[in-house]
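*Asks:* Take a look at this one; I'll ask things after.
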Amino acid sequence: MITTDITLWLAFGAGFLSFISPCCLPLYPSFLSYITGVSVKDLTEHRGILQRHALLHTLFFVLGFSVIFVALGLSASLVGEIFSNNRDLIRQLGAIVVIIWDLLC
């Protein structure tokens, strides 16, 4: 349990340091404008509706990324479980392939 806490804090710290790094900071205004479809000038002039609009677009952007990465993680876990459950069959098929390859070469 303590190892998990350390790992989570290290991952959070690495992400935070990456976020505030000098090479990434200039990208954030253009990145946010791209996500929201609203320029920085529009945000400073019209506060109410455009901020909700920007927040909604950002929320869906993050939700889309989250869905994709969760799906990738679940599919990788499924493939790993399939390989783990069929370990003996895969080992035997690999041995047959190596023997056939050795006989042909």
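*Asks:* Taking only Cα atoms and a 10 Å spring cutoff, compute GNM fluctuations for the chain and point out the largest among Ile90, Ile68, Ile35.
*Replies:* Ile90
*Asks:* May I ask you to derive the FRET efficiency for His57 and Leu8 from their Cβ-Cβ distance with R0 = 35 Å, giving the value to the nearest 0.05?
*Replies:* After rounding to 0.05, the efficiency reads 0.75.
*Asks:* Apply the Karplus parameterisation 6.51 cos²θ - 1.76 cosθ + 1.60, with θ equal to phi minus 60°, to every residue of segment 77-83 and state each ³J(HN,Hα) to the nearest whole Hz, in sequence, with x for glycine and proline.
*Replies:* Per-residue couplings from phi come out as 5, 5, 5, x, 5, 4, 5 Hz.
*Asks:* While we're on this one: Could you put Asp42, Asp88 in order, starting from the residue whose Cβ has the fewest other Cβ atoms within 10 Å?
*Replies:* Lowest count first: Asp88, Asp42.
*Asks:* In whole Hz, what ³J(HN,Hα) sequence does segment 17-22 give by Karplus (6.51, -1.76, 1.60; θ = phi - 60°), x for Gly and Pro?
*Replies:* Values per residue, Gly and Pro as x: 5, 5, 5, 9, 5, x Hz.
*Asks:* Also, I was wondering about something else. List residues of segment 8-41, by number, whose backbone nitrogen lies under 18 Å from a label position 7 Å along Cα→C-beta of Val67.
*Replies:* Counting backbone N atoms under 18 Å from the label point, the list is 35-36.
*Asks:* To the nearest 20 Debye, how big is the dipole of the chain about its Cα centre, given +1 on the beta carbon of each Lys and Arg and -1 on that of each Asp and Glu?
*Replies:* 280
*Asks:* Would you work out which of Ile100, Leu56, Leu89 lies farthest towards the positive end of the dipole of segment 9-105, given +1 charges on the beta-carbon of Lys and Arg and -1 on that of Asp and Glu, about the Cα centre?
*Replies:* Farthest towards the positive end: Leu56.
*Asks:* I need the per residue convex hull volume for the chain, using only the alpha carbons, in cubic angstrom as a whole number. All intermediate terms of the calculation are to be shown ahead of the outcome.
*Replies:* Details: hull volume 23.6 nm³, N = 105.
Normalising the Cα hull of the chain by residue number yields 225 Å³.
No value in this document is a laboratory result; all are computed from the given coordinates. Since this is a predicted model, take the numbers as computed values, not measurements. FYI the Cβ positions are ideal-geometry reconstructions off the backbone, even for glycines, and counts take in every protein chain you see.
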